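Values in this text are rule-based calculations from the coordinates and carry no lab data. Please read all numbers here as calculations on a predicted model, not as lab measurements. Neighbour counts run over all protein chains shown; Cβ positions are idealised from the backbone, glycine included.
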Amino acid sequence: MSPLEQLFHCYPSPLDEEAEEGKWMTSMQILNYLQTKTRDKLAINKIAVFGRTLQKLNIPCRKSAKGMLYHLTKVE
């Protein structure tokens, strides 16, 4: 398991209270959220690697004008 994948599993997803059905976010938005939760600097050149990691984890995704969006849901 890569360090980014471990970091993804360490923190709850960045969903607000109203997002009962989940939220579509880019890998950069998710990585920015994780950056706020850790003191370590996350390299911006790892975005593509992180996106592939999200796909490997079978996070639902779709293409959009912003790029690839990943659907995060709350874990109970």
Which ³J(HN,Hα) values in Hz, rounded to whole numbers, follow from the phi angles of region 59-69 under the Karplus curve 6.51 cos²θ - 1.76 cosθ + 1.60, where θ = phi - 60° and Gly and Pro get x?
6, x, 9, 8, 8, 8, 5, 6, x, 7, 10
When you count, for each residue, the other Cβ atoms within 10 Å and take the mean per peptide, how do 46-53, 1-8 rank with the highest first?
46-53, 1-8
Lysines near residue 56 by alpha-carbon distance under 17 Å, same-chain residues fewer than 8 away left out - which ones?
46
Once phi for every residue in region 37-53 is put through the Karplus expression 6.51 cos²θ - 1.76 cosθ + 1.60 (θ = phi - 60°), the whole-Hz ³J(HN,Hα) values, with Gly and Pro written as x, are 8, 10, 7, 6, 7, 9, 5, 5, 6, 9, 4, 5, 5, 5, x, 5, 5
